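Trainee: Submitted below is the structure of interest, expressed as structure tokens.
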Amino acid sequence: MKNKISLIIIAVLCTFLVTSQVKSPSDFLGYKMGERFTPHHQLVNYFQHVAAASTNVKLEKYGETYENRPLYTAIISSPKNFKNLDNIRKNHLNSTNMNGDGFKDDGIAIVWLSYGVHGNESVSSEVSMKILFDLVDSNHKKSKKWLENTVVIIDPCLNPDGRERYVNWYYQKGNIPYNSNPHVMEHHEAWPGGRANHYLFDLNRDWAWGTQIESQKRLVVYNNWLPHVHVDFHEQGVDSPYYFAPAAEPFHDVISDFQREFQVTIGKNNAKYFDENGWLYFTKERFDLLYPSYGDTYPMYNGAIGLTYEQGGSGRAGLGIINKEGDELTLKDRFAHHYTTGMSTLEISSVHANKLTSEFFNYYSRSRKNPIGKYKSYIIKNDNEDQIQSLIKLLNRHHIKYGSVNSDKSIHGFSYMTNRSEKFRINSNDLVISAYQPKSNLIKAIFEPQAKLSDSLTYDITAWALPYARGLNAYASTVKLNVNAYQKSTNDIAAMSLEKPYAYISKWNSLDDVSFLSELLKKKVKVRFSKKDFKIENKTFKAGSLIITRTGNQKNKEFDSVVRTTAKKMTRNVIPVSTGFVDAGKDFGSSSVRYLKAPKVAVLSGKGISSLGFGSIWHFFEQQIKYPVNVIGANYFSSVDLHDYHVLILPSGYYGKILNKSNLDRVTKWVQNGGKLIVIGSAVSVFADSKDFNISVFDDDKAKNAVKKTKDSLKRTMRLKPYEEQERNYISNLITGSVFKATLDNTYSLAFGYGKFYYTLKQGGSRYSYLKNGTNVSVIKDQSDLVSGFAGKNVINSVKESLVYGVETKGKGSVVYLVDDPLFRSFWENGKLLFSNAVFLVGQ
């Protein structure tokens, strides 16, 4: 007995000696929390210090950013739980039935705290250090108690690149000591600001799509844990009080009653501490739970209690700022608020750990056995293997199961292509996703044709279904299908029987084909493409197909080797042919087979230009097709010789100052001399205002009178409406990210590789007339072409007879008008080939 007591005493002493070596953030860094911003490397150093000096902290590097900064999670629990950490994780995953069904409810809640997804919302990463310290501090009795039945995961900085951009800028521009006057420079970030990551993507819109390296790496860790509670810490405008759950409507209909109720439970616990301190806060407003790619909704659709906490501050606040009420909001204030909600959430999760674990089990049990919604199966027709493989990569990222049916059969289902229910045939090589699986709620959220809107006042876009976003020939069926392991179609690479063929031919209908072209052009291989369908040696090829002839490549002694090895590396099924004499269509020497000159591409960047729009283009070239792009700053654009470039891309933005009369004249002459201008989104308006271009705002007296009559009527009605109803009525004038079915002229090079129509994501009511002297490649003919999402009743008519994509020939050059952004957030996969056509094919 004495020996046992001695061992206990020794163990306690050892724990005390280890934890007593852990320094507080202030002692380690040499300044009090809230006095300054901590650079990312020092943040990492502190987490490494705590992990090294603690017996119950596991620090794991889960990836790196584009700028090679490390991404970490810290996992903390009681010493007893810590020794059994992996078994706790595996047992927890068993509750979802994804790893088996051997779940034993241990009553241990897993709580994940995510900090700094927006880099200039900088206080949260500061708070992460204090939370970590209090969880390992032997003197913090409450946290020791909580850790007996919780595992806490802390991600101290989801967006290190954005944070460093903000912190470095602030140190360079801020006064010493800081100046709280809201007019001074330190409260006005320079473009593009620190909110986004390296490629200027908003990582809080990327959870479901996983387009960025930070998201991709995080999703691996997240799905290895699937926490019961996930908190995403944010900041909002400096004048806003603190926001915490419960969230505002609309709630997605996959959110369970318990998830709703527990948001209230957490909110009341937070409110208790805010009330004690006399701090202002609000709930149930502004921040809804609909769009599936947020740091609260994605966890919600994976069974967690997903939470957003918003502190007033953001990039304007600095170390201190005077708000509209004349009070100073300091970094220390912001720190105290986020720290309080973080600790409060850990406390209430510990108190209700048993309820959290049992309800999580119930959530996944219902998902597997009785999935929500009428659609029980989603079928993707396998008529484009590249699209299928791209989708599979996304499904694997989210641990969504998929497969095939045993044999061909006919059933009824909703067709995403025709927007109606119809009979169709499933083949054994089609991809089938059953709703009867653990991730059924997430599947419903990202696949269902139309999300149910309990309230049209929502924070983001209202349509995103993957079949529309990816251009998939898909069906949603009410029939439960038995699914077997997916059998990849046998699309074997053709054997190269000809040693030195006349030409090689490669298809053109996916982004993988664009990447193949990019690689060939970088290797100085000359490529041609056909403007017409053709048939040769009993094989049929669509317009846009790449033709790599020996002619033109004679000087390249490694020509055959380069083409073949590149094709093999990129899994392209290039077809060697022995002649240029076609069976049908145009021969390879015809003017309908064009030489594709490798374009030198420039994109404009800087103040006045949408940082998100620019970022999606930048990322597209560098990370997706890996083709060189030249980023030109708007501030020195007037001094750039445009004749050095073949293509100039103008992202969405406001170009009043950038494209003044002098610069617009330069651009016009450059186009007339053979340049190609690609204009996206709101950038189109500059050219619609110019008499030198063919694009124009819709000009129809009858339509204008109808719109004016509607607006006048609305104004009269609004005057009589109670003030509280006016915001809700204003939404009737908006299109908030909705999908429309647009026509597509696939005989024109901008639409090569597509069918006869295109699903476009429209984010506003801007309406441009059909081009009178140009090619109207894609248009919306009628308001009835709305297929998914919300469009206000007062603005829906503004899309009728409007241009979506068009090309104007001007002198020797051309202007490509992309009214709707085909690269939106990089998740609108179906637009990427069209954008590539604009860059590589149009005007050649």
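Trainee: Filter region 448-474 for residues that are over 16 Å from residue 253 (Cα atoms) and either modelled with pLDDT of 95 or more or among the basic types (Lys, Arg) (or both) and give the result.
Mentor: Within region 448-474, 466, 467, 468, 469, 470, 471, 472, 473, 474 meet the criteria.
Trainee: Now a separate question. Tell me which residues, restricted to region 570-592, are farther than 19 Å from residue 543 by Cβ and in contact with a helix residue (DSSP H, G or I) (Cβ under 8 Å, 6 or more places away or on another chain).
Mentor: 570, 571
Trainee: Suppose we keep only residues that are under 19 Å from residue 843 (Cα atoms), of a type outside the set (A, V, I, L, M, F, W, C) and in a helix (DSSP H, G or I) within region 641-694. Which one would you say is least open to solvent (accessible area, probe 1.4 Å)?
Mentor: Top of the filtered list is 668.
Trainee: Looking at (1) of a type outside the set (Val, Ile, Thr); (2) open to solvent by 50 Å² or more (accessible area, probe 1.4 Å); (3) at pLDDT 95 or above, which is the only condition residue 744 fails?
Mentor: All conditions are met except number (2).
Trainee: Quick test of your reading of the structure: residue 631 fulfils all but one of (1) open to solvent by 40 Å² or more (accessible area, probe 1.4 Å); (2) in contact with a helix residue (DSSP H, G or I) (Cβ under 6 Å, 6 or more places away or on another chain); (3) not in a helix (DSSP H, G or I). Name the failing condition by number.
Mentor: Here residue 631 clears every test but (2).
Trainee: Right, here's the next one. Name the one entry in 577, 562 that is open to solvent by less than 60 Å² (accessible area, probe 1.4 Å) and out of contact with any strand residue (DSSP E or B) (no Cβ under 9 Å at 6 or more places or on another chain).
Mentor: 562
Trainee: Now for a separate question. Just to check your reading of the model, which residue among 466, 498, 457 is open to solvent by 40 Å² or more (accessible area, probe 1.4 Å), closer than 30 Å to residue 763 by Cα, touching a residue at least 60 places away in the same chain (Cβ under 8 Å) and not polar (S, T, N, Q)?
Mentor: Matching residue, one of 466, 498, 457: 457.
Trainee: On to the next question. Restricting to region 416-431, name every residue that is buried (at least 22 other Cβ atoms within 10 Å of the Cβ) and not in a loop (DSSP other than H, G, I, E, B). Spell out the reasoning first.
Mentor: Of region 416-431, the ones buried (at least 22 other Cβ atoms within 10 Å of the Cβ) are 416, 426, 430-431.
426, 431, listed by residue number.
Trainee: As an exercise: evaluate residue 358 against (1) open to solvent by less than 10 Å² (accessible area, probe 1.4 Å); (2) closer than 27 Å to residue 147 by Cβ; (3) among the small types (Gly, Ala, Ser); (4) outside any loop (DSSP other than H, G, I, E, B) and give the number of the one condition it does not meet.
Mentor: (1)
Trainee: Output yes when any residue across region 488-508 is part of a loop (DSSP other than H, G, I, E, B), among the β-branched types (Val, Ile, Thr), in contact with a Ser or Thr (Cβ under 9 Å, 6 or more places away or on another chain) and at negative phi, and no when none is.
Mentor: yes
Trainee: Being in contact with a helix residue (DSSP H, G or I) (Cβ under 6 Å, 6 or more places away or on another chain) and not aliphatic (A, V, I, L, M) narrows it down to one residue among 639, 652; which is it? Show your work before the answer.
Mentor: Working: 639 fails: in contact with a helix residue (DSSP H, G or I) (Cβ under 6 Å, 6 or more places away or on another chain).
Only one candidate passes the filter, namely 652.
Trainee: Sort out for me the strands (runs of 3 or more DSSP E) sitting completely within region 747-844 that have 2 or more residues that are hydrophobic (A, V, I, L, M, F, W, C) and closer than 23 Å to residue 474 by Cβ.
Mentor: Result: 757-762, 786-788.
Trainee: If residue 811 satisfies every condition in (1) open to solvent by 10 Å² or more (accessible area, probe 1.4 Å); (2) touching a Pro at 6+ places or on another chain (Cβ under 6 Å) but one, which is the exception?
Mentor: Of everything listed in (1) open to solvent by 10 Å² or more (accessible area, probe 1.4 Å); (2) touching a Pro at 6+ places or on another chain (Cβ under 6 Å), residue 811 misses just condition (2).
Trainee: One residue is enough: does region 579-586 have a residue meeting the conditions charged (D, E, K, R), within 30 Å of the chain's Cα centre (by Cα) and closer than 29 Å to residue 647 by Cα? Before you say what the answer is, go through the steps one by one.
Mentor: Here is the first cut: in region 579-586, the residues charged (D, E, K, R) are 583, 586.
So of that shortlist, the ones also within 30 Å of the chain's Cα centre (by Cα) come out as none.
Checking region 579-586: not a single residue is charged (D, E, K, R), within 30 Å of the chain's Cα centre (by Cα) and closer than 29 Å to residue 647 by Cα.
Trainee: Also: Tell me, please, whether a residue that is closer than 30 Å to residue 76 by Cβ and buried (at least 18 other Cβ atoms within 10 Å of the Cβ) can be found in region 373-393.
Mentor: no
Trainee: Among the helices (runs of 4 or more DSSP H) confined wholly to region 103-184, which include 1 or more residues that are open to solvent by less than 50 Å² (accessible area, probe 1.4 Å) and touching a Phe, Trp or Tyr at 6+ places or on another chain (Cβ under 9 Å)?
Mentor: 123-136, 160-173
Trainee: For region 599-625, which residues satisfy the criterion of being in a strand (DSSP E or B), open to solvent by less than 10 Å² (accessible area, probe 1.4 Å) and over 15 Å from residue 682 (Cβ atoms)?
Mentor: 601, 602, 603
Listed here are the residues, each with its yes/no results for (1) closer than 26 Å to residue 738 by Cα; (2) within 25 Å of the chain's Cα centre (by Cα); (3) not charged (D, E, K, R).
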residue	(1), (2), (3)
384	yes, yes, yes
394	yes, yes, yes
416	yes, yes, yes
427	no, no, yes
436	no, no, yes
442	yes, yes, yes
448	yes, yes, no
453	yes, yes, yes
467	yes, yes, yes
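Trainee: Is it the case that residue 189 is open to solvent by less than 20 Å² (accessible area, probe 1.4 Å), at pLDDT 95 or above and not aromatic (Phe, Trp, Tyr)?
Mentor: No: the conditions fail for residue 189.
Trainee: Hey, does region 216-230 have a residue that's in contact with a Ser or Thr (Cβ under 6 Å, 6 or more places away or on another chain), open to solvent by less than 10 Å² (accessible area, probe 1.4 Å) and in contact (Cβ under 8 Å) with a residue 40 or more places away in the chain?
Mentor: Checking region 216-230: at least one residue is in contact with a Ser or Thr (Cβ under 6 Å, 6 or more places away or on another chain), open to solvent by less than 10 Å² (accessible area, probe 1.4 Å) and in contact (Cβ under 8 Å) with a residue 40 or more places away in the chain.
Trainee: Hey, does region 263-283 have a residue that's charged (D, E, K, R), under 21 Å from the mean Cα position of the chain (by Cα) and open to solvent by 60 Å² or more (accessible area, probe 1.4 Å)?
Mentor: No, the conditions are met nowhere in region 263-283.
Trainee: Now for a different question. Which members of region 233-264 meet the condition of being hydroxyl-bearing (Ser, Thr, Tyr) and part of a strand (DSSP E or B)?
Mentor: Hits for region 233-264 are 242, 243.
Trainee: Right, residue 595: among the hydroxyl-bearing types (Ser, Thr, Tyr), touching a helix residue (DSSP H, G or I) at 6+ places or on another chain (Cβ under 7 Å), modelled with pLDDT of 95 or more and not in a loop (DSSP other than H, G, I, E, B) or not?
Mentor: no
Trainee: Across region 440-454, which residue is farthest from residue 257 (Cα to Cα) among those that are surrounded by 18 or more Cβ atoms within 10 Å (Cβ to Cβ) and either of a type in the set (Gly, Ala, Ser) or in contact with a helix residue (DSSP H, G or I) (Cβ under 7 Å, 6 or more places away or on another chain) (or both)?
Mentor: Filtering region 440-454 for residues that are surrounded by 18 or more Cβ atoms within 10 Å (Cβ to Cβ) and either of a type in the set (Gly, Ala, Ser) or in contact with a helix residue (DSSP H, G or I) (Cβ under 7 Å, 6 or more places away or on another chain) (or both), the one farthest from residue 257 (Cα to Cα) comes out as 447.
Trainee: I need the full set of residues from region 531-543 which are within 34 Å of the chain's Cα centre (by Cα) and crowded, with 23+ Cβ neighbours inside 10 Å, in order please.
Mentor: none
Trainee: Give the residue, chosen from 306, 295, that is in contact (Cβ under 8 Å) with a residue 24 or more places away in the chain and in a strand (DSSP E or B).
Mentor: 306
Trainee: If I ask for residues that are assigned to a loop (DSSP other than H, G, I, E, B) and within 12 Å of residue 441 (Cβ to Cβ), which ones from region 361-387 would you list?
Mentor: Taking region 361-387 as the starting set, the residues that turn out to be assigned to a loop (DSSP other than H, G, I, E, B) are 370-376, 381-384.
Residues satisfying the conditions are 370, 371, 372, 373.
Trainee: Could you please give the count of residues in region 544-574 that are at negative phi, within 31 Å of the chain's Cα centre (by Cα) and part of a loop (DSSP other than H, G, I, E, B)?
Mentor: Qualifying residue count, region 544-574: 4.
The values are calculated or read from the model by the stated rules, or taken from the named source; none is laboratory data. As the structure is a computational prediction, the values presented were derived from the model and not from experiment. FYI the Cβ positions are ideal-geometry reconstructions off the backbone, even for glycines, and counts take in every protein chain you see. The area values use the complete protein model at the heavy-atom level, side chains included, leaving out ligands, DNA and RNA. Shrake-Rupley method; radii C 1.70, N 1.55, O 1.52, S 1.80 Å.
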